[in-house]
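See below for the structure under consideration.
The values are calculated or read from the model by the stated rules, or taken from the named source; none is laboratory data. Just so we're clear, the structure is a prediction, and the values are computed from it rather than from any experiment. Cβ: placed from backbone, ideal geometry, glycine included. Neighbour counts: every protein chain shown. Protein only, heavy atoms only, side chains kept; ligands, DNA and RNA dropped before computing areas. Shrake-Rupley method; radii C 1.70, N 1.55, O 1.52, S 1.80 Å.
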Amino acid sequence: SGGGRLLDRIRKWYYNAAGFNKLGLMRDDTLHEDDDVKEALKRLPEHVYNERVFRIKRALDLSLKHQILPKDQWVKYEEDHRYLEPYLKEVIRERHEREAWNKK
């Protein structure tokens, strides 16, 4: 269990070192928008998509001003959830099925 705690501390350190949370972004907000991610974004519930757009626009504004959010507004490691992951997994699974079907 000691190794698990160490690994968790390293993950938290890396998460904070990456810096995107200081702009109010979550991990999934930073994904490269390839075709799979674009399709997954289309499947998000509207309110989740709108929250993402808000976070990204706010981060762009802060970045242009060379500012970060006050520390109490940073996204915490424990609060960051992978909101796009289930949709992305579904899109990738469907693409693999299509590719396998087309090979037949």
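Could you check the stretch 70-104 and list, in sequence order, the residues that are open to solvent by less than 70 Å² (accessible area, probe 1.4 Å) and part of a helix (DSSP H, G or I)? Can you show your working first?
Let us first name the residues in the stretch 70-104 that are open to solvent by less than 70 Å² (accessible area, probe 1.4 Å), namely 70, 74-75, 77, 80, 83-84, 87-88, 91-92, 94-95, 100.
The answer is TYR77, TYR87, LEU88, VAL91, ILE92, GLU94, ARG95, ALA100.
Scanning the stretch 6-31 for residues that are in contact with a Phe, Trp or Tyr (Cβ under 6 Å, 6 or more places away or on another chain) and charged (D, E, K, R) yields LYS12, LYS22, ASP28. For the stretch 12-21, the criterion of a residue being without any contact (Cβ under 8 Å) to a residue 60 or more places away in the chain, open to solvent by 60 Å² or more (accessible area, probe 1.4 Å) and over 17 Å from ILE68 (Cα atoms) is satisfied by at least one position.
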